[in-house]
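A.B. asks: Structure provided below as structure tokens; questions to follow.
The values are calculated or read from the model by the stated rules, or taken from the named source; none is laboratory data. This is a predicted model, so every value here is computed, not measured. Backbone-built Cβ (ideal geometry, glycine too); neighbour counts: all protein chains shown. These area figures cover heavy atoms from the full protein model, side chains too; ligands, DNA and RNA do not enter into them. Shrake-Rupley method; radii C 1.70, N 1.55, O 1.52, S 1.80 Å.
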Amino acid sequence: MILLLLGSIGAAAQEAPPEPTPADSPAPVTAPESAAEPALPPGLAGPDGESPRDQPEEATEPELPAGLGAGQEPALPGGLGDEPALPSGLGEDPSPAPAPASKGDWMDRVRLLWEARYGSRLDNDPAQRDDLTLLETRLQLAAEKAWSRHVLEARVDLLADGLESGLESDLRQLRWTWRASDALDLQVGRQILTWGTGDLLFINDLFPKDWQSFLLGRKTEYLKAPSDALRLGWFTERGNVEIVYTPQFDPDRFITGERLSFFDPASGSRRGRDQRLRTAPPDDLWQDDEIALRLSDGIGSWEVALYGYSGFWKSPAGFDPNSGRATFPRLAVWGASARGPWGRGIASFEAGWYDSRDDADGGDPTVANGELRALAGYELELGRELTGGLQLYAEQLLDHDAYRRTLPAGVPARDETRLLVTVRLTQRLRQQTVRLSLFTFWSPTDEDAYLRPRLEFDLGDRWRFELGGNLFLGTEPHTFFGQFEDNSSLYTAWRYAR
């Protein structure tokens, strides 16, 4: 659903109570994060002009783990002649196809990726000390080993950050896969998870997102943050069952003010580097856990799915007046989706009921209200090497009257319904070595917008140049995208992969 720049960058900021409540946290644009989640584009899953779906390397179906032959791939749901496309965007590996190691190597695949990335604001931001948004170089190492019915995969990023923490590492994958039978597999460890139908908008995908990376201008693949989870998949002719269990809550990597400033409803001003958001996420192992369920099947040429989730709001959606910290109230989500061919293109529909379990009647001003979220999308080929996509997204507060009654004086109020329209255009040129893309979020109710233009240019088989921007517009400083207006930036990157 949005979501996201940065996941449901919904009207969160508008409904937060006097302190960093849900609204305080910059709601990402993905599954338009409501007032509760850090302002990020609601949802943000899927192909934007830059989403993996549109990019050659990301648009393709991920390869089976080494050792698993095509004949072992789970059977398609009945009625589906072709395999369903990947969920919008967010393939993990944007690099060119790695060269398989020769027989006898201790690893089946070893990959290396290096990139340097630089970004700068277009205007001065009084809440930040530096006009630079990115000054970093990254080395990613990935390796894979398969034997019998087992596969071990590892991927780690080593980051040298010239603006913040210096040297740091990010273990993005350390996963063991056991294929117990042709219909049953088990995956355990750190892994990137995604499902749903949205294009950079998330509704039923409650796996962690990295909104800061998304809004700063890192590769779209980094919008998905890793989970430490167990995933069980059971694939049959009558339908598929997927269960993901996370023994300890994995929150989003949300906006805190460290690099990107955001609007604070409590103070009526923007917070930045020197006034970072303080949070208190649930972190008890086996107690503060999460579980997600997906049941899917084919009806004719359409894939339909039901979803369930029990856990917590993934970005701050509450406030503890005693500690002064933003909190993550309990959340349950029930939803459904459908995706299939319609006319000349592919249509998709998705909806979800967000049950904010710590505030059943919506009368607690320190906890985000429940919501209904819905999305309709359509994508098709518009011309030679030109593709386009359109999405209509809506989120509605379930207890708006109670929300208005308990809203602290002076805090900007959210509308009962927030609407969002996204448009994606992608043009490939010069035998697909040049890619031009534009992904646009526009909210007619908030009167704000977010534009993501991008140019990619392949220089041979290994090198790639990239130029892009994050442009925020808004008439009010507290709306979902309007609060980021001073963070508008341009960035450039060089990448080498082998």
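A.B. asks: Once the Cα gyration tensor of the stretch 207-270 is found, what semi-axes does its equivalent ellipsoid get, as square roots of 5 times the eigenvalues, in whole Å, sorted largest first?
C.D. replies: In descending order the semi-axes read 34, 14, 11 Å.
A.B. asks: Another question about this same structure. From the phi angles alone, apply the Karplus equation (6.51, -1.76, 1.60; θ = phi - 60°) to the stretch 122-136 and give each ³J(HN,Hα) in whole Hz, x where the residue is Gly or Pro.
C.D. replies: Karplus-based 3J(HN,Hα) across the stretch 122-136 equals 8, 10, 6, 10, x, 8, 10, 7, 10, 7, 6, 10, 9, 7, 8 Hz.
A.B. asks: Report the dimensions of the stretch 233-306 along its three principal axes from the alpha-carbon atoms, largest first, rounded to Å.
C.D. replies: Here the spans come out as 56, 33, 20 Å, largest first.
A.B. asks: While we're here: Given an 8 Å cut-off on Cα distances and at least 6 residues of separation, report the relative contact order of the stretch 274-346 as a percent.
C.D. replies: So the answer I get is 31 percent.
A.B. asks: Still on this structure, I have one more. Per q in 0.09, 0.13, 0.21 1/Å, what log10 I(q)/I(0) does a Debye calculation on the alpha-carbon atoms of the stretch 360-498 return?
C.D. replies: -0.42, -0.74, -1.24
A.B. asks: Give the share of C-alpha pairs in each 10 angstrom bin for the stretch 171-288, from 0 to the last occupied bin, in whole percents, shortest bins first.
C.D. replies: In order of increasing distance, the bins hold 12, 32, 34, 15, 6, 2 percent.
A.B. asks: A further question follows. Taking the stretch 290-358, how much of its Cα-Cα pair set, in percent, is spaced more than 16 angstrom apart?
C.D. replies: For the stretch 290-358, the share of Cα pairs beyond 16 Å comes to 60 percent.
A.B. asks: What distance in nm separates the two pseudo spin-label positions at LEU295 and ARG278, each 7 Å out from Cα along the beta-carbon direction?
C.D. replies: The two pseudo-label positions are separated by 4.5 nm.
A.B. asks: I would also like to ask the following. For labels at ASP320 and SER181 in the simple 7 Å Cα→Cβ model, what's the distance in nm?
C.D. replies: In this crude spin-label approximation the distance works out to 4.6 nm.
A.B. asks: Distance in nm between label sites at THR137 and GLU416, each 7 Å beyond Cα in the beta-carbon direction?
C.D. replies: Between THR137 and GLU416, the label points sit 5.7 nm apart.
A.B. asks: Go ahead and run the numbers for FRET between VAL241 and TRP147, Cβ-Cβ distance against an R0 of 25 Å, rounding to 0.05.
C.D. replies: Step by step, r from the Cβ atoms, then E = 0.40.
A.B. asks: Which of the peptides 469-475, 148-154, 324-330 is most tightly packed, and how do the rest follow, judged by the mean count of other Cβ atoms within 10 Å per residue?
C.D. replies: Going from most to least packed, we get 324-330, 469-475, 148-154.
A.B. asks: Quick one: grab the alpha carbon gyration tensor of the stretch 110-214, order the square roots of its eigenvalues as a ≥ b ≥ c, and give me rounded if a/c is under 1.5, else prolate or oblate depending on whether a/b is larger than b/c.
C.D. replies: Verdict is oblate for the stretch 110-214.
A.B. asks: Quick one: accessible surface of LEU382, probe radius 1.4 Å, all protein chains present, in square angstrom to the nearest 10.
C.D. replies: It works out to around 90 Å².
A.B. asks: Quick one: length gained pulling ASP157 to THR492 fully straight, 0.36 nm per residue minus the C-alpha distance? Intermediate values should be presented prior to the final figure.
C.D. replies: Working: separation 335, 0.36 × 335 = 120.60 nm, distance 1.92 nm.
Length difference between fully extended and current span is 118.7 nm.
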